[in-house]
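Here is the structure we will look at, set down as structure tokens.
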Amino acid sequence: MVELSLYLFGKPAWELDDFEGNELDEDFSEKLKALGDELRERLYNLAKIHSILLKNGWTAYGGLYDITYYKDISLEEAKKELKELGLEEYVENLIEDFEEEIEEEE
């Protein structure tokens, strides 16, 4: 089993430089607009990836700041599949999930 975690968005202080605990001047409006544009692009891209993964047999679970996808294949098979799907940039996010195997052994 492999898992693939894709980050959605975080707390405002994670997304905006000099946000938390600082006075927000008029220029902050432009920072908000820019972040809005960035988030829209990021989330639309993730929506596309989400559809691709689900159509190819992955299961998705929502997390606090991300979506985690699972599929019962080897790490090497998952790497190959992501590359074939045009998602090679996410290969580094893959991890082999041994938790299920450990539970089965007990």
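Each reported figure results from applying straightforward, stated rules to the coordinates on display, with no laboratory input. Owing to the predicted nature of the structure, the values given are computational and were not obtained by experimental measurement. Using ideal geometry, Cβ is built from the backbone for each residue, glycine included, and neighbour counts are taken over all protein chains shown.
In terms of Cα atoms, the Rg and Dmax of region 1-40 work out to 13.8, 50 Å. In the set (i) 19.5, 54; (ii) 16.8, 60; (iii) 17.7, 60, which value of Rg and Dmax of the Cα atoms in Å was calculated from the structure you see? It is the one labelled (iii). The number of Lys pairs in the chain with C-alpha atoms less than 29 Å apart, excluding pairs fewer than 8 positions apart on the same chain, is 17. On a full-extension model of 0.36 nm per residue, what is the gain between ASN22 and ALA60, subtracting their alpha-carbon distance, rounded to one decimal in nm? Extra length available between ASN22 and ALA60 comes to 10.0 nm.
Helix 75-84 axis versus longest C-alpha principal axis of the chain: approximately 60°, rounded to the nearest ten.
Ordering TYR70, TYR7 by the number of other Cβ atoms within 10 Å of each residue's own Cβ, fewest first, gives TYR7, TYR70. Using only side-chain charges placed at the Cβ, +1 for Lys and Arg and -1 for Asp and Glu, the dipole size of the chain relative to its Cα centre rounds to 760 debye. For region 50-59, 3J(HN,Hα) computed residue by residue from phi via the Karplus equation (6.51, -1.76, 1.60; θ = phi - 60°) reads 4, 4, 4, 5, 4, 5, 9, x, 7, 10 Hz, glycine and proline entered as x. Amide hydrogen proximity for ASP66: with H placed 1.01 Å from N in the peptide plane, the residues at 5 or more positions away or on another chain lying under 5 Å are LEU8.
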